[in-house]
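Each remark here refers to the structure printed beneath this line.
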Amino acid sequence: KTQMASTNNQSETFAAGQCVFIDVTAESQASLDKGQITITKEADAPGDAVNVKKGPPLFVKAALASLAISILFYVMVFIYLGVSSNQTGYTQNLEIAVVNLDDGIIGKAFVAFARSLQAGNGLPTFNVLSSTSYDDARNRVADAVSWGAVVVQPNAWNNLVAAFQTTDNTFVTSSAIQFIYDESRFPTVVASRVSGPVRALITAFCQNISASIVNKMGSDPSTSASVSAAAVSAPRLLSQPVWFTENNLHPATVQVATFGLTVGMILLVVFTWSSWMATYGMTTPATPPATLEEARALFLARFVVITWITFCISLSFTFIWQALGANFPSAAAWVSFWLVHWLNMVNYGMTFAAATHILTFQKVRKFNIRNVVAVVLFVSCRTSASFHFLSCLQLVQAPAAILFMIIFNGVGAFNELSLANPFYQWGWAMPMAHAVMASRTIIFNGRDQLGINVGALAIWAVFMFFVAFFTVPKPKPADQSSSDASAASS
């Protein structure tokens, strides 16, 4: 039903589809506003024809809808794909610490080799430190100061010379150098940008210096006899006198981790959205709230429901990890993993609640955004065109909210921002990034920053709760709500 008011303060209500004859005079004006069909008349005499204004044709609406979706797709996908568009150019941001504890030829040769490597071209930066302790190098990796460390062990050269002199076939040639890294920090980045390339460089160094040492000692009269004796009793000394070992502080051995911390996190966003929409629908009363206090009380009831639903989903998520091979170190770790993802999902739910409150037809009309869009995007078009553009944006409101959550959270959660343009450094603060980092800590027993991660998630959840609470739309009078609902449905 539509209500029609005239200038004499009288009103009549007509049923939808009812044919109404309007007597328009110079002293009165009647208007029937139903969506984009507006009947108006300004006449000098009774009986004049009534003008009917219609909105843009169907193809214009389709064009505007395509434009809205295209702009949304371009902005969001450009932002996400841009974060990994030039990782090779930023690999120099990854530091490999070099610690030389050997005073002989091996240590000096490796320092010269490391300094000759130029950062860039897909290689990390090799930083030669003045540290005199193996533990310092290891702690730099464990504390995520450096992505890796190469340590030339004390007396590496003297031990090798002694092995040649005694033709010791039990000598461990790989004791000369140790390569330290932590795969749990970011498994895919460590494998492709740290352990793989650095392993290849150390291998090349060991092969070259081994050949050089054998040739030099074989041509030196004072050591040639030792080389000849080693060829008989200790052939390994001649084949590879200098080699290295690897120390992966926290191996990423859980096979489900890669997909669990990418696809799994996306599924949590999608399920939270669907849970919020189900909660919103199930708790919508037959009679809308009459006051803002009633509307906020309804939101609090919805908050309780969505909190319980996400509690159950995060519990299921934890059981899935355990079933697929995640060996939690302890019961406390199991509970921590569950609570981290529950807190993260509560944050998603409150974000979707705030989006539902803010992105409403009433809010758009209240702030008159359609006129702003008309000026910015459609300078030469009628206001009705921009109105349809906003209507199209509201049609993609649900997928836009999901895409926004996935893309803007995924920037920091699914990418190593050290390999990205400085513009993307805000990704570290997003809640999904903290959920992923906390999960790696628990699953791989890696660097412990659970306090920071859980604190950040709690701050996000509380912040979004208050945003959702204070953006609850203020209920409108019954007659105005009916008019807005009619316009929105049209």
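Leaving out ligands, DNA and RNA but keeping every protein chain, what accessible area does ASP103 have, in Å² rounded to the nearest 10, with a 1.4 Å probe? The accessible area comes out at roughly 130 Å². Coupling constants for region 165-172 follow from the phi torsions by the Karplus curve (6.51 cos²θ - 1.76 cosθ + 1.60, θ = phi - 60°), and in residue order they are 5, 9, 6, 7, 6, 8, 5, 8 Hz; glycine and proline get x. Sorting SER133, SER116 on solvent-accessible area from highest to lowest, probe radius 1.4 Å, gives SER116, SER133.
When all protein chains stay in place and ligands, DNA and RNA are ignored, the 1.4 Å accessible-area order of ARG440, ARG115, ARG296, ARG138, largest first, is ARG115, ARG138, ARG296, ARG440. Heavy-atom accessible surface of TYR80, to the nearest 10 Å², is about 70 Å², with a 1.4 Å probe and all protein chains retained.
The values are calculated or read from the model by the stated rules, or taken from the named source; none is laboratory data. These numbers were taken from a predicted model, which means no experiment stands behind them. For accessibility, only protein heavy atoms count, side chains too; no ligands or nucleic acids. Shrake-Rupley method; radii C 1.70, N 1.55, O 1.52, S 1.80 Å.
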